[in-house]
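Notes follow once the structure below has been shown.
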Protein chains: 2
Amino acid sequence: MDEAERIRKQKELIEFIGVQQEREGFQPVTARIMGMLMVMDKEEYTFDEIVEEMQISKSSASTALKNLELRGVIEYVTYPGDRKRYFRFVSGEIDGMIDEMKKKMKQHAIIIHQILDLKKDPNSRNALFLKNILTGMEFFMLQLDKFKEEYHSRP
Amino acid sequence: MDEAERIRKQKELIEFIGVQQEREGFQPVTARIMGMLMVMDKEEYTFDEIVEEMQISKSSASTALKNLELRGVIEYVTYPGDRKRYFRFVSGEIDGMIDEMKKKMKQHAIIIHQILDLKKDPNSRNALFLKNILTGMEFFMLQLDKFKEEYHSRP
DNA sequence: TTTTTAGTTCGATATTTTGCGAACTAAAAA
DNA sequence: TTTTTAGTTCGCAAAATATCGAACTAAAAA
């Protein structure tokens, strides 16, 4: 695979990640900036480089970058004697991802609890099924911490 | 909590679940139908009951129900001598949820592999971080099957 | 056979979201 | 002090999406 081919494929992948991240609730431009910061060989971009590379307005870039920072997806660094910000992807750890997963699951569990609390018949089809799921989720969440330990002490 | 209060809270919860499911990519009406089928005491609704209860057009109901069925969220049953369909929430099992999770994670892993394959420098900041995540994800996916076993053989 | 039921399909309309440009700001440089 | 840089904010227009209504269909009932 030659250089041009590789770069073409990178662009394609950015687009694919873009579409995927849109489904996760990011706006189109935002999703593609994420993709770019993950995929490209250059891994730190200034505001103007992003505007240039993505062919978007400064306002779109501003909005997107603020959003990504707020969500903890990107961060920026600065270098002495240069007042530009250099935006880059945050390099999270596996532990952080597990915690994230746990948090999300806990929120789901709360909702399920609320549904159950409001059921007239606690033995209705849905109620029983939801109780079942809840038990599974609780067991699963307990396993997650065990997983972290095992992962770090693996051979 | 009296009956009226309970029902009011159910409606509130449907709205909350609706907003939540919109973020997961469902359209507003679709998301609220999901909520309704999970939360309400009546757990099987005909097409016309859904139209009535949600105050939506038949076409919206049709589109939403088809979508939910396609995604495996709801199903319908029929009763002899009654040609209406009775729509209800699918009662998935914990195993199905785990498989779902694994499938999603596998897709993510494929993307990460692709990013890595296209990096010029395999030791760049992002490349190293992505490799790290990949290792974690692979370990995690191995654990998932173990989890299923343990869950089923729990005391 | 005709009518009714239980939905489906499709084009039009309403609503929401997205991205832009112009004007603005705070800090640094000249 | 004035100018430039590096963005931010906000109202608007365009694009995308959601929902609707009207016409349609296939199967069952009359």
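The values are calculated or read from the model by the stated rules, or taken from the named source; none is laboratory data. From a predicted model like this one, the values you see are computed outputs, not experimental measurements. Quick reminder, even Gly has a Cβ in these numbers, built from the backbone with ideal geometry, and neighbours come from all protein chains shown. Only protein heavy atoms, including side chains, enter the accessible area calculation; ligands, DNA and RNA are left aside. Shrake-Rupley method; radii C 1.70, N 1.55, O 1.52, S 1.80 Å.
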Can you work out the FRET efficiency for the pair B:E49 and A:K11, with r the C-beta to C-beta distance and R0 = 45 Å, to the nearest 0.05? 0.35
Cα centroid separation - segment B:1-38 against segment B:83-130, whole Å: 27
A/B buried area, accessible surface, summed, 1.4 Å probe, Å²: 4700
To the nearest 0.05, how large is the calculated FRET efficiency for B:H113 and B:V77 if R₀ is 41 Å and r is the Cβ-Cβ distance? 0.45
Along the Cα→Cβ direction, 7 angstrom out, place labels at B:D95 and B:E3. What is the inter-label distance in nm? 4.1
Considering only protein heavy atoms and a probe of 1.4 Å, how much of the accessible area of segment B:1-119 is carbon and sulfur, as a whole percent? 52
Quick check on chain A: helices-only [θ] at 222 nm, where DSSP H runs of length 4 and up contribute -39,500 (n - 2.57) each and the sum goes over total residues. Nearest 500, please. -23000 deg cm²/dmol
Gaussian network model of chain A, springs between alpha carbon atoms under 10 Å - residue of A:M40, A:M101, A:M54 with greatest fluctuation: A:M101
For A:Y76, label point 7 Å along C-beta direction: distances to other copies, nm: 5.3
Would you kindly work out, in nm and rounded to one decimal, the distances from the label point of A:Q107 to those of the same position in each other copy, ordered shortest first, with label points 7 Å along Cα-to-Cβ? 1.9
In whole Å, what are the extents of chain A along the principal axes defined by its C-alpha atoms, from largest to smallest? 63, 42, 38
Please state the charge dipole magnitude for the protein assembly as shown, taken about the Cα centre, from unit charges on C-beta atoms (+1 on K and R, -1 on D and E), reported in debye and rounded to the nearest 20. 120
Which entries in A:K104/B:K119; A:K103/B:K42; A:K102/B:K103 show an alpha-carbon gap greater than 24 Å? A:K104/B:K119; A:K103/B:K42
If the label for A:L144 sits 7 angstrom from Cα along the Cα-to-Cβ line, what are its distances to the same label in every other copy, in nm to one decimal, shortest first? 1.5
Note to self: with every protein chain in place and a 1.4 Å probe, segment B:3-89 gives an accessible area per residue in Å² of 56
What ³J(HN,Hα) values, in whole Hz, does the Karplus curve 6.51 cos²θ - 1.76 cosθ + 1.60 give for segment A:15-25 when θ = phi - 60°, with x put for Gly and Pro? 4, 4, 4, x, 4, 4, 6, 4, 5, 7, x
Consider just the alpha-carbon atoms of segment A:94-152 and return their Rg together with their Dmax, both in angstrom. 13.9, 46
As an exercise, use a Förster radius of 35 Å and the Cβ-Cβ distance of A:E69 and A:V19 to find the FRET efficiency, rounded to the nearest 0.05. 0.95
Charge tally for neighbours of B:A61 with beta carbon under 14 Å away, counting Lys, Arg as +1 and Asp, Glu as -1, is 0
Can you give the Kirkwood hydrodynamic radius for the protein assembly as shown, in Å, rounded to one decimal and based on Cα pairs? 22.5
Estimated vicinal HN-Hα couplings, Hz - segment A:111-124 in sequence order (Karplus 6.51, -1.76, 1.60; Gly, Pro = x): 4, 4, 4, 5, 4, 4, 4, 9, 6, 5, 10, x, 10, 5
With only Lys, Arg, Asp and Glu charged, each at its Cβ (+1 for the first two, -1 for the last two), find how big the charge dipole of chain A is about the Cα centre; round to the nearest 20 debye. 760
